[in-house]
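Remarks on the structure that follows.
The values are calculated or read from the model by the stated rules, or taken from the named source; none is laboratory data. All figures in this text were calculated on a predicted structure; none of them were measured in a lab. So basically every Cβ, Gly included, is an ideal-geometry build from the backbone, and we count neighbours across all protein chains shown. Side chains included, ligands, DNA and RNA excluded: accessible areas come from the protein's heavy atoms. Shrake-Rupley method; radii C 1.70, N 1.55, O 1.52, S 1.80 Å.
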Amino acid sequence: MIEYSQALTELEWIPKPRLAALRRLEIETVEDLLTHYPRRYEDRTHFAPFPREESDTPILVCGEVVKTRLVRFGGWKKIFEATLEESSANALSQPLVLRWFNLHYVQKMIATGQRLVVFGKPRLRKNRMCMEHPDFEVIEQDDEISVHFRRITPIYPATEGLSQRVFRGLIFATLENLDPESVPTLLPKGANLGSREHALHEIHFPTTTAQCDAARKHLVFSEFFAMQLLIGSRRSAAAVRPGQAHGAGGLLLEQFLRALPFDLTTAQERVILELRRDLASTQPMNRLLQGDVGSGKTVVAIASMLLAVESGSQAALMAPTQILAEQHYSVLCRWLEPLGVRVALRTGARQEDNAALPLFARNDDARVPQANNPNIIVGTHALLYEGVAFENLGLAVIDEQHKFGVSQRARLTSREPAPDVLVMTATPIPRTLTMTVYGDLDVSVIDQMPADRGKIVTAVRGREKLPEVLLFIRKELEAGRQAYVVYPLIDESDKLDAKAAAAEYEQWQERLRPFRCELLHGRIPAPEKQAIMERFRRGETSALISTTVIEVGVDVPNATVMLIENAERFGLAQLHQLRGRIGRGAHKSYCILLSDEKSPETVEKLAVLEKTSDGFAVAEADWEMRGPGDLLGTAQSGLPALKLGNLVKDADLMREARAAATAILAVDPLLESRENQRFRQLIVEQHGRTFSNVS
Ligand code: ADP
Ligand code: MG
């Protein structure tokens, strides 16, 4: 008997070379093997009679090879032909000619006298019934027929180094000898989906299509359920940590809002209320703030930090790039210095603070804690590592969360007592994904843009249109606006690319003369980068020739034109992010996507951006075109990859699984009861696999 958890090396009947091939597919245990699910099935339930006419649906026939021959044509090209005859041939039957072009190995596998099963579309060629490049299998022993034929037959994804047939044989033999008792069924009580062992049989070798569907449902549900248990237990582990209540009166916040040059949108106000409630509670806050590019997340972040500061805590704001951290720092200094709040910058490249606050900035009304340490620390990844001492971190805000991973978030927030955590992202994702990727967080959404925003017009243009585009850009610059020119670099750290960027820059200086341009890319030293951004912000430079270093967060409302070179090389989400750098003021803005690629996918992709500037619509289109795979990056979500479930197709099952997991954890948050031990075990295993990089 084979045990479900056994290593394949213990199964002596599997030859060594096969084990090696399996290991390359990351299949090491019986469980791995049995959860390498079929990609699709072929209905090989019945052998068809030999065909007498053409057909567009492939058919399955079985017969004997009576003749083979090699036909040469056009010099070195070869066609290999095998003639197949029906076993019970009658007067009406006519032989079937199988043909392969230039496939050397097929010739070696097929010989006269063999019995063959073939699957393909019959075609009439010069009065002969033929099949070209059919799938075929040689029948060596009759009992093999029952494994590979006369059934709904599984076809597996990548089986490099192993033929479908060998792979299928391995799974068949394993299932035949599997000890049913050794297969744990991990479903909530009352799920009523049968045993996992039965489901595994049916997913690999279905008796009927309906049985196969039922098996899939069992396995997808249990996969989702395990995932939601993991997410839920993270959530409850976070909830029971001792946190801090930040219940300040909000005087500081009021002063801040009063001084703002604009009114908050209703959505911003609502979200601030939600945050305020979380902050005031002793349970640690774990909240995700979603809002399209330009919807005004920064103001909301500042509001929450002020509440923490007024309650006597320090707050941290973490950004994914140096440029964005610098920008946040200067915005915070500008807005908060008058309130007497001390702000510090901590990036790998630069450390600074406004310690020398002028005396008049003391804020006695709101009583900002005047410690020796900054009230707010802004930084990049450097914040995660040694050297940044937080006196009493009460709130951590992580901007552009999608650029960080879960483990990085954990690193900043795992201290005691647990700080409140706000993560912000401009990547809107469908609900099923939110409850998966961000399932351990509460969600707030800013679903409204500030009212005074100018429109963004987006247009795709071929390179031949560059002269006209240039005229247009110059007109905008003459009117006092500013422009970004973005071009793709494959690797920011590559010297060659830096050289290409410099060459590009010279060209642009020519094209836009006499307007001032500057070059910006990742290899420019940080202080200089900062100076370049500052000159652009102040309007001393008209155009920024840049790589994607400006992708996230950069906010210069006077910039109204963005030209993106080789736009086809970027993904939709990234293009939308880039485009979010313009349209941030009251002026109408223009995004020009330069591309010469005419493939249907590219045309369709870029057309999405022409049609809409709504981030949610872009995300949905992206999701439809690419599938959710990329969105659910394992590193980012810290979740195991899905083997069978599909987040779009199986959204309902995900909802059910989430409800089931939540119900269990509501009664037993740490899974301590006896009946929940098997779930606890499961989580410990999953944790080992996905969280090994977090202490
Ligand atoms: P994002 O959500 O992309 O991070 P920001 O927070 O950078 O957006 O805000 C974009 C710009 O809009 C900033 O210049 C900000 O000062 C401004 N802004 C934020 N809220 C409002 C508002 N309610 N009305 C007008 N402008 C606003
Ligand atoms: Mg932002």
Could you tell me which of THR662, ALA418, PHE167 has its Cα farthest along the dipole of the chain towards the positive end, charges placed at Cβ (Lys, Arg +1; Asp, Glu -1), taken about the Cα centre? PHE167
Give me the 1.4 Å probe accessible area per residue for the chain, excluding ligands and nucleic acids, in Å². 46
Could you please state how large a percent of the accessible area of the chain is carbon and sulfur, counting protein chains only and using a 1.4 Å probe? 51
If ligands, DNA and RNA are left out, what is the accessible area of TRP335 with a 1.4 Å probe, given in Å² to the nearest 10? 60
Mean shadow area (nm²) of the C-alpha convex hull around segment 58-159 is 7.9
By how many nm would the segment from ASN558 to ALA237 lengthen if fully extended, with 0.36 nm per residue of separation less the alpha-carbon distance? 111.0 nm
Helix 209-239 vs. the chain, principal-axis angle (Cα, 0 to 90°, nearest 10): 30
Segment 153-296: percent of C-alpha pairs farther apart than 21 Å? 67
Classify the chain from the C-alpha gyration tensor, please: rounded if a/c falls under 1.5, else prolate or oblate depending on whether a/b exceeds b/c. oblate
Amide H neighbours of ILE2 at under 5 Å, excluding residues fewer than 5 places away on the same chain, with H built from the backbone geometry, are LEU178, ASP179
Using the Cα atoms of segment 441-584, I'd like the radius of gyration and the largest Cα-Cα distance, Dmax, both in angstrom. 15.5, 51
How much mean residue ellipticity at 222 nm does the chain get from its helices, if each DSSP H run of length 4 or more adds -39500 (n - 2.57) and you divide by all residues, to the nearest 500 deg cm²/dmol? -11500 deg cm²/dmol
Can you tell me the mean projection area, over all orientations, of the convex hull of segment 158-229's alpha carbons? Units nm², please. 5.9
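Report D for segment 539-578 in µm² per second (integer): Stokes-Einstein, Kirkwood Rh on Cα pairs, 37 °C, 0.692 mPa s.
After rounding, the answer is 289 µm²/s.
Using only the Cα atoms of segment 189-259, what semi-axes does the equivalent ellipsoid have when each is the square root of 5 times a gyration tensor eigenvalue? Give whole Å, largest first.
51, 15, 8
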Report Rg(Cα)/(2.2 N^0.38 Å) for segment 29-78, keeping two decimals. 1.92
When the Kirkwood radius is taken over all Cα pairs of segment 101-236, what Stokes-Einstein diffusion coefficient follows at 37 °C and 0.692 mPa s, in µm²/s? 179
Taking the 0 to 90 degree range and rounding to the nearest ten, how far is the long axis of helix 322-336 tilted relative to the main principal axis of the chain, both from C-alpha atoms? 30
I'd like to know which of GLY462, LEU19, HIS36 lies farthest towards the positive end of the charge dipole of the chain, counting +1 on Cβ of Lys and Arg and -1 on Cβ of Asp and Glu. GLY462
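Could you tell me which of the pairs LYS297/LYS605; LYS78/LYS121; LYS455/LYS475; LYS455/LYS611; LYS16/LYS643; LYS475/LYS598 are separated by over 23 angstrom between their Cα atoms in the structure shown? Let's see the in-between values first.
Working: LYS297/LYS605 27 Å; LYS78/LYS121 21 Å; LYS455/LYS475 18 Å; LYS455/LYS611 13 Å; LYS16/LYS643 26 Å; LYS475/LYS598 29 Å.
Checking Cα-Cα distances, LYS297/LYS605; LYS16/LYS643; LYS475/LYS598 exceed 23 Å.
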For a quick check of understanding: with a 1.4 angstrom probe and all protein chains in place, what accessible area in square angstrom does GLU3 have, to the nearest ten? 80
Need the list of lysines near LYS499 for cross-linking: C-alpha distance under 27 angstrom, and skip anything on the same chain fewer than eight residues off. LYS403, LYS465, LYS529
Positive dipole terminus of the chain, leading residue within GLN507, HIS587, CYS212 (C-beta point charges): GLN507
